[in-house]
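Chemist: What follows is a structure written as structure tokens; I'll ask about it next.
Nothing in this text is a laboratory measurement; each read-out follows from the coordinates by a stated rule. In this text the structure is predicted, and so the values were computed from the model without any measurement. Cβ atoms come from the backbone with ideal geometry, glycine included; neighbour counts cover every protein chain shown.
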Amino acid sequence: MSLFIDGKIFVGMVVATGIGASGLVDATKAYFGGVNRIGFAKIKRQIIQLTPGAPNGLPQIFILESLYAHWANGAALSKQISTAKSLVMMHLSPANAAMVAASVNVDPAILCSMAAKRSAGIELDPPESDLSTRFDLIVSALLDAAYQKAEQEYSNGTRFYALVFAVLLALIEMWVLHSGARTLYLGSDDMNLALIVGLLAAPIAPIAKDASKAVGAAIRSRVEKEL
């Protein structure tokens with residue numbers, strides 16, 4: 001007998017399937033990062049472009065590892081951008097300034113001079129100070145664009161996986177509840193209903209995920225205040 005007759009069961013299945021799909025999307029993180037890796041490639045490309053050559057601080061590989069840890073743990077986007085900018089600025093040195101200048105289209109000689117004076121703690125002259133301001137704005141704009149694009153790619157990617165998991169879960173749920181012979185499930189009303197349940201449940205998965213992240217953030221904030 002088809003479950004079309006019971007609206008409560010239908011609504012319950014939609015909600016439960018959405019929450020289950022959210023859990024499965026999160027579970028992928030245990031396997032080589034899972035969905036956490038979605039979008040980070042855009043950030044990685046931009047960081048590699050801004051941190052070439054010999055460093056004045058952390059080597060590039062450690063910068064990428066630090067930023068990926070922030071990305072994977074879901075830190076606030078503004079905090080991630082601020083951290084990335086600080087690490088990029090710290091990486092700038094007289095040895096790599098010319099390569100950085102080429103990637104951001106600024107005067108390499110002045111940027112090298114600026115980097116050398118910053119390392120030595122010497123006051124900048126007007127051209128170097130002007131370039132320092134423009135370089136800061138350029139780096140901020142590039143990182144902001146990279147993180148915004150990465151966030152959008154991550155959101156779209158997780159929604160896609162949520163849709164796939166929701167439809168699969170709904171099909172399995174309805175197959176288990178199917179009252180007739182299992183061989184008659186294919187093409188039945190119950191299978192069509194399962195597809196509808198999966199499609200309706202897919203948008204619930206990101207909502208459930210956002211709610212769990214909000215609760216987690218609130219708990220972390222409270223713990224930090226108490227400490």
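Chemist: Amide H neighbours of Leu92 under 5 Å, counting only residues 5+ apart in sequence or on other chains, H built in-plane at 1.01 Å?
Modeler: Asn56
Chemist: Just to check I understand the Karplus step: with θ = phi - 60° and J = 6.51 cos²θ - 1.76 cosθ + 1.60, what whole-Hz values come out for segment 165-172, glycine and proline as x?
Modeler: Ordered by residue, 3J(HN,Hα) equals 5, 5, 5, 5, 4, 5, 4, 5 Hz.
Chemist: Can you pick out the pairs among Lys44/Lys117; Lys79/Lys117; Lys29/Lys79; Lys44/Lys149; Lys79/Lys149 whose Cα atoms lie more than 19 Å from each other? Kindly include the intermediate steps, with their values, before the conclusion.
Modeler: Working: Lys44/Lys117 28 Å; Lys79/Lys117 28 Å; Lys29/Lys79 22 Å; Lys44/Lys149 12 Å; Lys79/Lys149 16 Å.
Among Lys44/Lys117; Lys79/Lys117; Lys29/Lys79; Lys44/Lys149; Lys79/Lys149, the Cα-Cα distance tops 19 Å for Lys44/Lys117; Lys79/Lys117; Lys29/Lys79.
Chemist: Put a dot 7 Å past each Cα toward the Cβ at Arg37 and Trp175; how far apart are the dots in nm?
Modeler: Reported label-point gap for Trp175 and Arg37 is 2.7 nm.
Chemist: Something else now. From the phi of every residue in segment 61-67, what ³J(HN,Hα) in whole Hz does the Karplus formula 6.51 cos²θ - 1.76 cosθ + 1.60 yield, where θ is phi - 60° and glycine or proline is x?
Modeler: For segment 61-67, the Karplus-derived couplings read 4, 6, 4, 5, 5, 5, 5 Hz, x marking Gly and Pro.
Chemist: What residues from segment 65-100 fall in the zone where the backbone N is under 16 Å from a label point 7 Å along the Cα-to-C-beta line of Gln148?
Modeler: Flagged as within label range: 77-82.
Chemist: Would you mind calculating the gained length between Ser129 and Asn105 on full extension (0.36 nm times residue separation, minus the Cα-Cα distance), in nm to one decimal? Mind showing how you got there, number by number?
Modeler: On the way: separation 24, 0.36 × 24 = 8.64 nm, distance 1.66 nm.
Once the chain is fully extended between Ser129 and Asn105, it gains 7.0 nm.
Chemist: Could you list Leu124, Leu200 so that the one with the fewest beta carbons within 10 Å of its beta carbon is first and the one with the most is last?
Modeler: The fewest-first ordering by Cβ neighbours comes to Leu124, Leu200.
Chemist: Order of Trp175, Trp71 from fewest to most other C-beta atoms within 10 Å?
Modeler: Details: Trp175 15, Trp71 24.
Starting with the residue having the fewest Cβ neighbours, the order is Trp175, Trp71.
Chemist: Enumerate the calculated ³J(HN,Hα) couplings along segment 151-161 in order (Karplus 6.51 cos²θ - 1.76 cosθ + 1.60, θ = phi - 60°), each rounded to whole Hz, writing x wherever the residue is Gly or Pro.
Modeler: 5, 5, 5, 5, 4, 5, x, 5, 5, 5, 5
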